[in-house]
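J.: First, the structure itself, so that you have it in front of you.
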Amino acid sequence: MKKTYIIGTSGHSRVVLDILEKRGQDIAGFLDEDEATHDTMINNYPVIGYVSKLKELEASVIIAISHNPTRRKIFNQLSSYNVQLINAIHPDTTINSHVDLGTGNLIAAGAVINSNSVIGDNVIINTGATVDYESRIEDHVHISPGVNLGGNVTVKEGAHIGIGASVLPGVTIGENVTVGAGAVVINNLEANAVYAGVPAEKVRDIN
Ligand SMILES: CC(C)(COP(=O)(O)OP(=O)(O)OC[C@H]1O[C@@H](n2cnc3c(N)ncnc32)[C@H](O)[C@@H]1OP(=O)(O)O)[C@@H](O)C(=O)NCCC(=O)NCCS
């Protein structure tokens with residue numbers, strides 16, 4: 001089995017570590033672009049160095065960074081390396097057998113993904129979030145803890161749905177949108193903006 005490296009050292013990376021331990025992965029340790037973290041230990045595993053360390057290695061990797069633009073940047077950096085992105089799927093999830101799941105994804109404890117949904121690459125479906133039938137979650141999306149998506153929802157690339165938000169069936173969330181915590185999204189949301197409230201309304205544009 002190839003050794004597995006976790007990219008990122010925040011609290012989120014510890015959630016990923018726990019999943020990999022539960023899945024019996026052979027974990028080498030962490031990588032991080034912040035030099036101050038190097039040579040420290042996280043829950044008994046070393047922070048080994050920069051992400052570029054992976055250039056020299058054939059390894060399994062998961063990017064454990066919740067900030068979508070940073071996670072996307074590292075995903076693109078890894079595309080020229082000889083590494084294998086893996087999914088980190090907590091054992092206590094319910095994923096319908098007709099779900100099409102990409103790679104480099106985190107599916108945290110208690111998440112439910114219902115039938116015929118499609119999940120891209122480098123996605124986070126966080127703790128206790130639900131994705132109902134025939135939904136489409138594109139690359140680099142973060143569905144936060146406790147979010148509920150109705151059936152036939154589309155979440156476009158790079159969008160972030162905040163903690164506890166609900167999205168009505170059939171709605172499309174545009175690219176790079178942020179939905180505020182606790183929002184209820186009843187209409188399609190245009191790309192590159194922040195929305196919040198019940199029902200969700202635009203707070204500001206994102207440049
Ligand atoms: C919506 C959000 C992105 C706005 O952040 P921001 O752009 O920094 O905006 P501000 O905090 O300056 O707030 C702007 C306005 O929106 C309101 N607002 C902020 N968050 C809100 C929310 N979740 N619901 C309703 N209104 C909200 C503020 O009260 C403020 O209103 P005002 O202009 O009348 O004073 C942020 O508050 C949020 O909810 N982020 C989600 C965080 C999250 O779930 N993280 C998951 C980690 S796992």
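J.: State all residues of segment 159-173 that are open to solvent by 10 Å² or more (accessible area, probe 1.4 Å) and within 16 Å of the ligand (Cβ to nearest atom); if no residue qualifies, say none. Steps first, answer last, please.
T.: Taking segment 159-173 first, the residues open to solvent by 10 Å² or more (accessible area, probe 1.4 Å) are 160, 163-164, 166, 168-170, 172.
Within segment 159-173, HIS160, ILE163, GLY164, SER166 qualify.
J.: Going through segment 177-207 one residue at a time, which ones are assigned to a loop (DSSP other than H, G, I, E, B), near the ligand (Cβ under 8 Å from one of its atoms) and within 19 Å of GLY151 (Cβ to Cβ)?
T.: ALA183
J.: While we're on this one: Does ASN148 count as open to solvent by 40 Å² or more (accessible area, probe 1.4 Å), more than 30 Å from SER52 (Cα to Cα), in contact with a strand residue (DSSP E or B) (Cβ under 6 Å, 6 or more places away or on another chain) and within 16 Å of the ligand (Cβ to nearest atom)? Don't jump to the end; show me each part of the working.
T.: Numbers: open to solvent by 40 Å² or more (accessible area, probe 1.4 Å): yes; more than 30 Å from SER52 (Cα to Cα): yes; in contact with a strand residue (DSSP E or B) (Cβ under 6 Å, 6 or more places away or on another chain): yes; within 16 Å of the ligand (Cβ to nearest atom): yes.
So ASN148 passes the test.
J.: Looking at ILE143, ILE95, ILE119, which is the one that is within 16 Å of the ligand (Cβ to nearest atom) and either under 26 Å from ILE6 (Cα atoms) or β-branched (Val, Ile, Thr) (or both)? Break it down stepwise before answering.
T.: Numbers: ILE95 fails: within 16 Å of the ligand (Cβ to nearest atom); ILE119 fails: within 16 Å of the ligand (Cβ to nearest atom).
That would be ILE143, the only listed residue that is within 16 Å of the ligand (Cβ to nearest atom) and either under 26 Å from ILE6 (Cα atoms) or β-branched (Val, Ile, Thr) (or both).
J.: Just name the residue that is farthest from ASP92 (Cα to Cα) out of those in segment 118-142 that are open to solvent by 30 Å² or more (accessible area, probe 1.4 Å) and outside any loop (DSSP other than H, G, I, E, B).
T.: Step by step, filter segment 118-142, then rank; the result is ARG136.
Matching residues to (1) touching a Phe, Trp or Tyr at 6+ places or on another chain (Cβ under 6 Å); (2) open to solvent by 10 Å² or more (accessible area, probe 1.4 Å):
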{"position": "THR9", "(1), (2)": "yes, yes"}
{"position": "VAL16", "(1), (2)": "no, no"}
{"position": "GLU21", "(1), (2)": "no, yes"}
{"position": "ASP34", "(1), (2)": "no, yes"}
{"position": "HIS38", "(1), (2)": "no, yes"}
{"position": "SER52", "(1), (2)": "no, yes"}
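J.: Going by the conditions given, is ASN126 over 14 Å from the mean Cα position of the chain (by Cα) and at pLDDT 95 or above?
T.: When the stated conditions are applied, ASN126 does not pass them.
The values are calculated or read from the model by the stated rules, or taken from the named source; none is laboratory data. Please read these numbers as outputs of a predicted model, since none were measured by experiment. Backbone-built Cβ (ideal geometry, glycine too); neighbour counts: all protein chains shown. In case anyone asks, the SASA skips ligands and DNA or RNA and just uses the protein heavy atoms, side chains included. Shrake-Rupley method; radii C 1.70, N 1.55, O 1.52, S 1.80 Å.
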